[in-house]
Amino acid sequence: LALEINQVLEALAGRVRSNLALAEVFAHEPADKLLEALERQPEDSAFLEAFKAFLEKYGNRETVISTSRLPTWKDDPETPLAVIKGLAAYPPQNLAVRPEWQTVRDELLDRPLLRIPLLRSTFLKILQQARELLPMREDTHFYATLMMPVFHRTLLELGRRLTAAGAVEAPEDIYYLTLAELEQVDGDHLSQDQAAELQAAAARRKAKRADLEGRPLVDPRIFPPPSSEGDALLHGMPGSPGRVEGPVRIVRDHSEFDRLAPGEVLVAPFTNPTWTPLFQRAAAVVVDTGSAASHAAIVAREYHIPAVMATLTGTQTLQDGEWVQVDGDRGVVVRASSPAPGRTLSA
């Protein structure tokens, strides 16, 4: 389904590129104003209907995996519109007619051992099972989160009622209360003591979360200091093999999805399935967190682009437009010379 969603987003971007009026709207309006701009123009109704159909089918996609605290695409269309805006700004990516996995498979099948019928059939069976597993995992996650928009809206409605009753300062503060505390609420009737107790608990946890925000879950001081490697700017963990040069583009959250141009190095605090369309354009990926088994590394390997994981400070150390070389084999990011006019990325 992740691939299917990406294909539909690319098709919507194609509609934008092929329509001069739409292209003007997407080029000049920020992502958070696009929906409003589209609704003001009746001539864009066909695209708007197609986009709303997309939200109806795929709008349960979360901004952050499996949490109802943040709105899904259905409740925050800015995120998929930012993706479409970024895709529409550049020509579509050329996809290989023959998938690379088939080429690699045929190379393996041509080896002497795999010409033995029993080994060959066993290998093909295991390969087929492996290829079915990841789509099954992705599809299971997608369908398991179908309730997320309803869950998010229900909790916010309860938050609005608690705000009106004086139990929390804002509807979003409901996420700082426990299920046991919410179950003690008898309808909309709260005593002053109950309301004060809930408000104090929410305020205390909200302050604690703000204090912890930005701190790594694991203290980086427990890791041994990296060895010096010449012009290395960052040291991390190999996530996807390969070596490529390109300009840095820091994308901190979904509101900046449209900033990434083809051939740029995506530098992010983390990625999740919502970020997957960006991998179609990125020359390489560098993330502050994660391992070789996390989303950024897995998707980078699928798109055959280098990835360096767990750099801790990538989004703080690197600057937009800075030319770097991403070495996914060693897990390092090094300084690269600024390109001469007309120079292409080197891999």
Next on the checklist: Can you find a residue that is open to solvent by less than 70 Å² (accessible area, probe 1.4 Å) and in contact (Cβ under 8 Å) with a residue 40 or more places away in the chain anywhere in the stretch 36-53?
Outcome noted: no
Item to check | Residue satisfying condition, being modelled with pLDDT of 85 or more and over 25 Å from the mean Cα position of the chain (by Cα), within set Glu181, Glu172 | outcome: Glu181
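Rundown of residues vs (1) surrounded by 10 or more Cβ atoms within 10 Å (Cβ to Cβ); (2) more than 25 Å from Tyr303 (Cβ to Cβ); (3) more than 23 Å from the chain's Cα centre (by Cα), yes/no style:
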residue	(1), (2), (3)
Arg120	yes, yes, yes
Leu124	yes, no, yes
Ala130	no, no, yes
Val150	yes, yes, no
Checklist outcome for this item: Taking the stretch 137-148 and keeping only residues that are open to solvent by 70 Å² or more (accessible area, probe 1.4 Å) and not aromatic (Phe, Trp, Tyr), one is left with Arg137, Thr140, Leu146, Met147
Next on the checklist: When the residues of the stretch 33-85 are narrowed to those that are in contact with a His (Cβ under 8 Å, 6 or more places away or on another chain) and in a helix (DSSP H, G or I), which ends up farthest from Leu9 (Cα to Cα)?
Outcome noted: Glu78
Checklist entry - If you go through the stretch 156-164 one residue at a time, do you hit one that is open to solvent by less than 100 Å² (accessible area, probe 1.4 Å), over 28 Å from Asn272 (Cβ atoms) and not in a helix (DSSP H, G or I)? => result no
Item to check | Residue selected from the stretch 252-274 under the condition under 23 Å from Met237 (Cα atoms) and assigned to a helix (DSSP H, G or I), by the criterion most open to solvent (accessible area, probe 1.4 Å) | outcome: Pro273
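The values are calculated or read from the model by the stated rules, or taken from the named source; none is laboratory data. Predicted, not measured: the structure shown is a model, and the values here were computed from it. All Cβ positions, even for glycine, are placed from backbone atoms using ideal geometry, and neighbour counts span all protein chains on display. Protein only, heavy atoms only, side chains kept; ligands, DNA and RNA dropped before computing areas. Shrake-Rupley method; radii C 1.70, N 1.55, O 1.52, S 1.80 Å.
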